[in-house]
Amino acid sequence: MDESQEPIDSAQDTIIELREATRQYKGRAGEVRALDSVSLSVRRGEWLAITGPSGSGKSTLVNLLGCLDRADSGSVWIAGKDVHTLSRQELDQFRAETVGFIFQQFHLIPYLTALENVMLAQYFHSITDREEALASLRRVGLEDRAAHLPSELSGGEQQRVCIARALINQPPVLLADEPTGNLDAANQEIVTGLLRSLNQMGHTILMVTHDPAMAQMADRIVELQHGRIVAERKLTATSPV
Amino acid sequence: MSQKGLSLPLLLRRSLLHRRGRTAAEMIALTVSAAVATALLTLYASLDQKLHHQFRAFGANIVVTGQSSAGNAGLPANALEIARNTAGSDARVVPFVYAVAQTQSGAPIVVAGTDMAAVRQMNSWWQVSHWPETRNSAGTGGPVEVLTGVRAAQALGSDRFELVYNGKVLSAQTAGTLRSGDADDSRVYLPLDIFEKWTGLTPTTLEIQAAGSAQHVQTVLQRLRRALPGTEIHAVHQLVEAESNVVSRTRSLMLSSLVLIAMTVAVSVLATLTASVFERRRDFAVMKALGAAQHRVIVIFLAETVLLALLALVCGYVLGCGIADLIGEWNFHTSIAPVWRVLPQVALLNVVVALLAAAIPMRLLRRLDPATLLRGE
């Protein structure tokens, strides 16, 4: 891994880089190192699967990559920016522009329609554009369900709305946390197909999963244990688009 | 399907309608706050007027008499007119003149001459069986209708009697009896003009009922002293002080009640808002994860709260005006009209109560950790 202190902008194909990133929490039994000097580099357009048992540091890594948390030491570079140097407000804006979240439990706002849930990401990013939001829903095959509330949609449909919401601001990084964890086999297939096509269109995908079959879809698998990367496997011979 | 983009008003509308139960609970609490504040502030604004109206029933609060040291206790001829002009149009001024006459049996009896219509208005607390309605001028031969105190009536023994003053006889007929509980019960009251013709005496006392606060009464008192030099003018202190005390204490009581009720409502709204934030913590966490700055999430939450406070203000103001009117009818037997100038005060109070109640939930919102919440931990 690259250990230099140069910003990654110089390496055009690297979109995420962690350098000796450490995050520790205060627990009842003292300090817990959830992430311990992790260094990791992700290329633009790569699909990276992050696996590991519970408590291995996957959540902490996702939080750092999603700009929802900050490292105590080391640095996290995303799209050419050291996120540690960003103010809280800049970080909010950076998150809106750079990261699209796909949650295991979808987390759609229950009182907004599918279309409005997609527009919510636009609302916090800049301005809402109904046509653009509809196009995003069309992309996941749900244009005809635009006016439905989440309670009127199946689990698979809700996850697809979640994906449409993640895509609406065209973020370079998609962060998927167990994206098929709550879906039946048929819907798993649909969502997996969607992620594959998004990756083929150039989206960088970081996916946390417990599912080995799902992990096999990625270009590379990183395995965490006790806050450290213990294994790394490249699955494809060719570079992603 | 909605044809509009997503906006703050749409977000607020959807959110409030979706949480109907919580919205209703917050609305009811804030409506009660606005209604009570409106009722109390409306009553507070009308309190002076209503209580002064009540106190007017207790009679005069200023007495003007001729100076006893001058030997002649009579008032200047134009004293009544000066007093009326000086005391103001809303004041009541009643002249009195007293003489000791004799009954047919030779017993002395105090006879008073006064303006019957004016004394009826000022001393409305007098218990009178029947006020004299007609009167005959002295010297026409018919008896004069008089108001006889209950003790005087007992002494006279008959409704029809004659009174003698300086050898001049007045034939009188009791039109009604008076019971006041004091010296008035031993007197016979007759119309001033008849009294003056019969006795040749002019008013020696003016009883004045000045409307307004204790300060206003003092101001009237000073003005009268300047306008009527050579007379003795004093306030009926017990009445003025009692009125001032009652007004002041009633105001304190109302303000204290208002503060207590506002605090109670604030606690109730606080509980509802806290529960609301707790229930929706994942929604707010999603907003943060989607890039919403801290202040935008707080603005959404506060806008909901302020919107409810303003909607509750409208309902509460209408309700409060009705309550104030009912209280006015029950306690003062008069209608109390809505007072528009209390509306900004009630609005301010309601918004402040809502914002105070939102302070702790806002703290919860600030400390929301989207990373933890969205992973379901």
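The values are calculated or read from the model by the stated rules, or taken from the named source; none is laboratory data. Quick caveat, the model's predicted, so the values are computed rather than measured. Cβ: placed from backbone, ideal geometry, glycine included. Neighbour counts: every protein chain shown. Quick note on the areas: whole protein, heavy atoms, side chains included, nothing else; ligands and nucleic acids left out. Shrake-Rupley method; radii C 1.70, N 1.55, O 1.52, S 1.80 Å.
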Check: Which residue out of B:ARG249, B:ARG341, B:ARG280 is at negative phi, in the same structural domain as B:TYR44 (by TED's automatic domain parsing) and crowded, with 21+ Cβ neighbours inside 10 Å?
Finding: B:ARG280
Notebook entry, point to check: What single numbered condition from (1) small (Gly, Ala, Ser); (2) part of a helix (DSSP H, G or I); (3) open to solvent by less than 30 Å² (accessible area, probe 1.4 Å) fails to hold for B:SER256?
Noted result: (3)
Next item on the list: Looking only at the stretch A:98-110, decide whether some residue is free of Cβ contacts under 8 Å to residues at least 40 places away in the same chain, at the interface with chain B (Cβ under 7 Å from one of its Cβ atoms) and open to solvent by less than 10 Å² (accessible area, probe 1.4 Å).
Entry: no
Next item on the list: Tell me which residues, restricted to the stretch B:88-108, are within 24 Å of the chain's Cα centre (by Cα) and open to solvent by 40 Å² or more (accessible area, probe 1.4 Å).
Entry: B:SER89, B:ASP90, B:ARG92
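A quick yes/no check of all residues on (1) assigned to a loop (DSSP other than H, G, I, E, B); (2) under 30 Å from B:SER46 (Cα atoms); (3) of a type in the set (Val, Ile, Thr):
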| position | (1), (2), (3) |
| --- | --- |
| B:PHE278 | no, no, no |
| B:MET287 | no, no, no |
| B:VAL297 | no, no, yes |
| B:LEU308 | no, yes, no |
| B:ALA312 | no, yes, no |
| B:GLY320 | no, yes, no |
| B:VAL339 | yes, yes, yes |
| B:ALA347 | no, yes, no |
| B:ILE360 | no, no, yes |
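This table checks each residue for (1) open to solvent by 10 Å² or more (accessible area, probe 1.4 Å); (2) at pLDDT 90 or above; (3) in a strand (DSSP E or B); (4) touching a Leu at 6+ places or on another chain (Cβ under 8 Å).
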| position | (1), (2), (3), (4) |
| --- | --- |
| A:THR22 | no, yes, yes, yes |
| A:GLU31 | yes, no, yes, no |
| A:LEU35 | no, yes, yes, yes |
| A:SER39 | yes, yes, yes, yes |
| A:SER54 | yes, no, no, no |
| A:ASP69 | yes, no, no, no |
| A:GLY74 | yes, yes, yes, yes |
| A:GLN93 | yes, no, no, no |
Notebook entry, point to check: List, please: which pairs have Cβ atoms under 9 Å, are six or more places apart or on different chains, and start with a residue in the stretch B:252-273 that is touching a residue at least 12 places away in the same chain (Cβ under 8 Å) and end with one that is surrounded by 15 or more Cβ atoms within 10 Å (Cβ to Cβ) and of a type in the set (Lys, Arg)?
Noted result: B:THR272/B:ARG22; B:LEU273/B:ARG22
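Residues checked against (1) open to solvent by 70 Å² or more (accessible area, probe 1.4 Å); (2) modelled with pLDDT of 90 or more; (3) of a type in the set (Lys, Arg):
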site	(1), (2), (3)
B:LEU311	yes, yes, no
B:CYS321	no, yes, no
B:THR334	no, no, no
B:VAL351	no, no, no
B:ALA357	no, no, no
B:ARG363	yes, no, yes
B:THR372	no, no, no
Check: So, of the residues in the stretch B:1-26 that are part of a helix (DSSP H, G or I) and crowded, with 20+ Cβ neighbours inside 10 Å, which turns out to be farthest from the other protein chains (Cβ to nearest Cβ)?
Finding: B:GLU26
Notebook entry, point to check: Exactly one of (1) open to solvent by 40 Å² or more (accessible area, probe 1.4 Å); (2) facing another protein chain (nearest Cβ under 10 Å); (3) at pLDDT 90 or above is unmet by A:MET119. Its number?
Noted result: (1)
